[in-house]
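See below for the structure under consideration.
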Amino acid sequence: MSHNKEPDLTGRIVLPGDPQYHAARLEFNTFFNRFPLVIVFAQETQDVVNAIRWAHYRAVPLRMRSGRHNYEGLSVVDAGIVIDVSEMKQVKVDHQRGTVTVQTGLRDIELYETLGAEGLVVPAGLCPTTGIAGFTLGGGQSSLSRPWGLIIDNLLELEMVDANGNVLYANADQHPDLFWASRGGGGGNFGICTSFRFRTHQIDTVAYASINWKLQDLEPVLRTWQNYTTPDADERLTPLLTITSGEQSLLLMQGVFLGSAEKLRRLLEPLLRAGSPQQVTIEEIPWLKAVSLIAATQPTSPLPFKSVGPFVDHLLPEEGIATIRRFINEPPQASTVTVFFHGLGGAVARVPNTATAYFYREALSNMSLFATWSAQEGIAPGIRWVEDFRRAMLPFTRGVYVNTPDLSIKNWPEAYYGGNFGRLTRVKAKYDPENVFRFPQSIPPA
């Protein structure tokens, strides 16, 4: 691609001297502090095209961003251009076809609320402020994963601007290799997505469960909880489990069930007999209320943290549960640590490992290890706690969710992509041969 004159940057442009620059460069993970040359808030697809061409002309690194939730702060870069789609939020529902086309600047909560107002849902994330672009491209695990699969299993088409600034549409018929790679190949590797078309589901009231215990009940609760993630467990329930210790402590099961509260209560009897539940709520509520109750247990405002999410693909043996207990009992100083289990399986596991780039289809759950700190001296111990914990769980886990990147993982191609990595590098070579879209742990061209 040759341009004799410098392409114009369009959109809302923020430069280092501007009053809004500091707010514009901040990540959700405030541990990172980076200073881009320019941040372009695209208002339409053409702004993305122009920004990519400008970056090429200037030979500066570029990063793309929608929700800023990258765990390693990879959606911002020193001395480069950040192309931010978060102000592109159009939504078009096609009731006849049961689909919705959305621009990629939406956040999970906006997608839920916009569709929920019409009795529809696309299974987006638990954390309300995550951007749907990165969330979707990595696979997209939700509170409806067991009945309806990952968000990529509901993705029909995407619009993407490639490394040359060309606009491509990828679906089952056009650029099917790019469509394959974009369903679990992680954000940022192949181009900048500007819109997605999803299949919608009808939703109204759901049965919601919330059960609290004291932390001392961890073993019987986890032992019982994991039975709700096995292939023979009722797929209408996607179970979640939060275990927090340090400056706060919490042992909480939550779940959304597509059925009656009465059936859910019967289903949860084994869990209600585990340990001594302190508070139990099992009720039928509007879907959007369930969304907000789950969102309330996720971190919602920016904070410094270290986190990583390995997959659990067999029921945890006693030794694995004992390892979790050991780490939960030893939180680093000035820190709050959490282990969060997200039940998978069901519809997720009915898609073969190689049918999309998301490889860990047979996992029973995804296990997120998370540390945050309230003072400077908590940083190193918090990061070390997550790293030591991940290593200690290697005998009981497999791979790592690409949406929870961890730059300390040496063998990351296998950890994120398993047997799909080779094919991903070939797709990369076809659509981005010059490796324009690169960052630590990005997919290299074959």
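The values are calculated or read from the model by the stated rules, or taken from the named source; none is laboratory data. Since the model is a prediction, treat every value here as computed from it, not as a measurement. Please note: Cβ atoms are built from the backbone with ideal geometry, for glycine as well, and neighbour counts cover all protein chains shown.
Are any of the residues in the stretch 370-383 closer than 26 Å to residue 145 by Cα, surrounded by fewer than 22 Cβ atoms within 10 Å (Cβ to Cβ) and either of a type outside the set (A, V, I, L, M, F, W, C) or at pLDDT below 95 (or both)? No, the stretch 370-383 contains no residue that is closer than 26 Å to residue 145 by Cα, surrounded by fewer than 22 Cβ atoms within 10 Å (Cβ to Cβ) and either of a type outside the set (A, V, I, L, M, F, W, C) or at pLDDT below 95 (or both). Scanning the stretch 6-28 for residues being within 30 Å of the chain's Cα centre (by Cα) and within 25 Å of residue 303 (Cα to Cα) gives a total of 12. Among strands (runs of 3 or more DSSP E) entirely within the stretch 320-403, having at least 3 residues that are farther than 22 Å from residue 187 by Cβ and without any contact (Cβ under 8 Å) to a residue 60 or more places away in the chain singles out no element at all.
The criterion of being modelled with pLDDT of 95 or more and surrounded by fewer than 22 Cβ atoms within 10 Å (Cβ to Cβ) does not hold for residue 299.
The condition of being closer than 15 Å to residue 211 by Cβ, at pLDDT 95 or above, buried (at least 19 other Cβ atoms within 10 Å of the Cβ) and under 27 Å from the mean Cα position of the chain (by Cα) holds for only one of 274, 290, that being 290. Of (1) farther than 22 Å from residue 412 by Cα; (2) surrounded by fewer than 23 Cβ atoms within 10 Å (Cβ to Cβ), residue 353 satisfies all except one. Which? Going through (1) farther than 22 Å from residue 412 by Cα; (2) surrounded by fewer than 23 Cβ atoms within 10 Å (Cβ to Cβ) one by one, residue 353 breaks only (1). The listed residues are 93, 49, 60, 100, and the only one of them that is closer than 29 Å to residue 5 by Cβ, in contact (Cβ under 8 Å) with a residue 40 or more places away in the chain and among the hydrophobic types (A, V, I, L, M, F, W, C) turns out to be 49. The set of residues in the stretch 309-345 being more than 19 Å from the chain's Cα centre (by Cα) and on the phi > 0 side of the Ramachandran plot consists of 334 alone.
Looking at 171, 164, just one residue is within 25 Å of residue 63 (Cβ to Cβ) and either touching a residue at least 24 places away in the same chain (Cβ under 8 Å) or out of contact with any Ser or Thr (no Cβ under 6 Å at 6 or more places or on another chain) (or both), and that residue is 164. Against the criterion of being assigned to a helix (DSSP H, G or I) and touching a residue at least 24 places away in the same chain (Cβ under 8 Å), residue 443 does not qualify. Taking the stated definitions as given, is residue 117 among the aliphatic types (A, V, I, L, M), surrounded by fewer than 18 Cβ atoms within 10 Å (Cβ to Cβ) and either within 15 Å of the chain's Cα centre (by Cα) or not assigned by TED's automatic domain parsing to the domain that holds residue 209 (or both)? Criteria met by residue 117.
Here is the figure for the stretch 33-48: residues that are surrounded by fewer than 22 Cβ atoms within 10 Å (Cβ to Cβ) and either farther than 20 Å from residue 17 by Cα or touching a Cys at 6+ places or on another chain (Cβ under 7 Å) (or both) total 4.
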